[in-house]
Amino acid sequence: MSAKTTPEQPLPVRTVLQMVGGWIGKLGTVWVEGQITELTARGGTVFLTLRDPVANMSARVTCPRGVYEATVPRPVDGARVVMNLKPDFWVNRGSFAFTALEMRPVGVGELLARLERLRQVLAAEGLFGADRKRRLPFLPGTIGLICGRDSAAERDVLENSRRRWPAVRFKVEPVAVQGPYAVGEVTEALRKFDADAEVDVIVIARGGGSLEDLLPFSDESLVRAVSACRTPVVSAIGHEQDSPLLDLVADVRASTPTDAAKKVVPDVGEQLTLVRQLRDRGRRVTAGWLDRETAWLTAVRSRPSLADPVREIERRAEQAEQLRDRARRALTGSLDRAGDSLGHLRARLVALSPAATLERGYAIVQRPSGDVVRRAADVAPGDELTVRFADDRITVRREAAAGTRAKREPAAGAEAGRGPATRTKAGKEPATETAAGQDRAAGAGREPVTAPKVRKKPAT
């Protein structure tokens, strides 16, 4: 307040009320949307309460009868309207109220457009996604039912559920299912059941009605509350053609309260029939299996091997003996062929062996390093050589005589004019090669060959 007051200088009530009235009078008019409740008419004035559709708040409105009757269609309790209101403050009574200057009903088309925009927003957030849907339990222990008090929807759900499964238990929470209090009461009951560990599934049921009557079940706050529930929720609102947003966010949608009863509990008769069918099928399968196994055992017992087991053993023993004889003959033949082949190879090896050549009277001349001397020209005077025979070896040295070349005597039994022999045949006196390129006839300028000094080495 602009006026300064103290305990010693307070303002009287009339002054304060006049000041408040002045401030409120300066606010001007405002367009407000709400739901009409407590509608009464006295004389030329219609009194009503305009309630917020979501929050539990309201305001008193005084509407001249002319303004009320000029509204088409004429509003009734529960109708949504948009009103042009002027705030008024009655100084004498210290009360506040609004005066309606104009009233317009919210049309069905406008409501549907608003619901569609809200549906798109919630769908974009994923609240209607199939991955969020929870499966209903096969046989819930306790069902939480949210419905109007003593309503037809309550009777339909209870009677049909107990008819299908007599042992089912219910917890019923009566709430307002239309009007300004519906959203708050339904949301509160929903949270109560969701926190109850005994409740396995929640059913929200209401009978049919107009679009305005079912608007609470398309309220954004209620839709979000259902989406946040941990307990599966079944929506059974209105009839088949009705489709509030609650149907889209619920885990299961039932077209009617009766349909909800069919979805939440199984039919005991159907389950008993199913049990009988499964039992009969089990009997048939078991009987068929026993018949097949019996036939198999009979066939096995009729086999000759089981009719005369000793004969089968004897037959197998004969087969084993035959196989053993065959293997023995095959092994013997293989060994004989291998022995013959080895003998032939040994004979060829002996025939081609250098030792066999030496046995026939030949000799091999080698240097001390072991290299074989193939030509006399490769031996220089003074070179020491080793002559290898079949039984032993001797060492010789080539010696040179000044100015003459020793005339080489032909080997015993050798023909005249034959060259120097490096090997001797068996049975004849061996001739040893002593100089490379030695001729049989003496020649001028050739070195004579002297008798070699023989040093005998043991054979290796």
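We did not get these values from a lab; they are worked out from the coordinates using the rules stated. These figures come from a predicted structure and were not determined experimentally. Note that each Cβ is placed from the backbone with ideal geometry, even for glycine, and that neighbours are counted across all protein chains shown.
Quick look at the numbers
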item: Phi to ³J(HN,Hα) by Karplus 6.51 cos²θ - 1.76 cosθ + 1.60 over segment 93-98, Hz, x for Gly, Pro; result: 9, x, 10, 10, 7, 10
item: Pairwise Cα inverse-distance average, inverted: Kirkwood Rh of segment 13-105 (Å); result: 13.8
item: Kirkwood Rh and Cα Rg combined as Rg over Rh, evaluated for segment 112-265; result: 0.94
item: Contact order relative to length of segment 13-105, as percent, for alpha carbon pairs under 8 angstrom and 6 or more apart; result: 31
item: Sequence-separation-based contact order of segment 112-265, relative, with Cα cut under 8 Å and 6+ spacing, percent; result: 28
item: Kirkwood-type radius of segment 48-160, with distances r between different C-alpha atoms, in Å; result: 18.8
item: Residues whose placed amide H lies under 5 Å from that of ARG397, excluding near-sequence neighbours; result: LEU385, LYS453
item: Euclidean distance of C-alpha centroids, segment 152-197 and segment 275-325, integer Å; result: 64
item: Table column - 3J(HN,Hα) (Hz), segment 192-207, Karplus curve with 6.51, -1.76, 1.60, x for Gly and Pro; result: 5, 5, 5, 7, 7, 5, 7, 7, 9, 8, 10, 10, 9, 10, 7, x
item: ³J(HN,Hα) computed for each position of segment 67-81 - Karplus, 6.51 cos²θ - 1.76 cosθ + 1.60, integer Hz, glycine/proline x; result: 5, 5, 6, 7, 7, 10, x, 5, x, 10, 4, x, 6, 8, 9
item: Of the trypsin sites (Lys or Arg not before Pro) in segment 269-360, those whose Cβ has at most 13 other Cβ within 10 Å and which sit in DSSP loop; result: ARG360
item: Cut-off under 5 Å, modelled amide H: who pairs with VAL203 long-range; result: GLY144, LEU145, ILE146, VAL234
item: Net charge of neighbours whose Cβ lies under 9 Å from the Cβ of VAL106, counting Lys and Arg as +1 and Asp and Glu as -1; result: 0
item: Segment 1-51: trypsin sites (Lys or Arg not before Pro) in DSSP loop, at most 16 other beta carbons within 10 Å; result: LYS4, LYS26
item: Computed over segment 129-185: relative contact order in percent, which uses C-alpha pairs under 8 Å that are six or more apart; result: 39
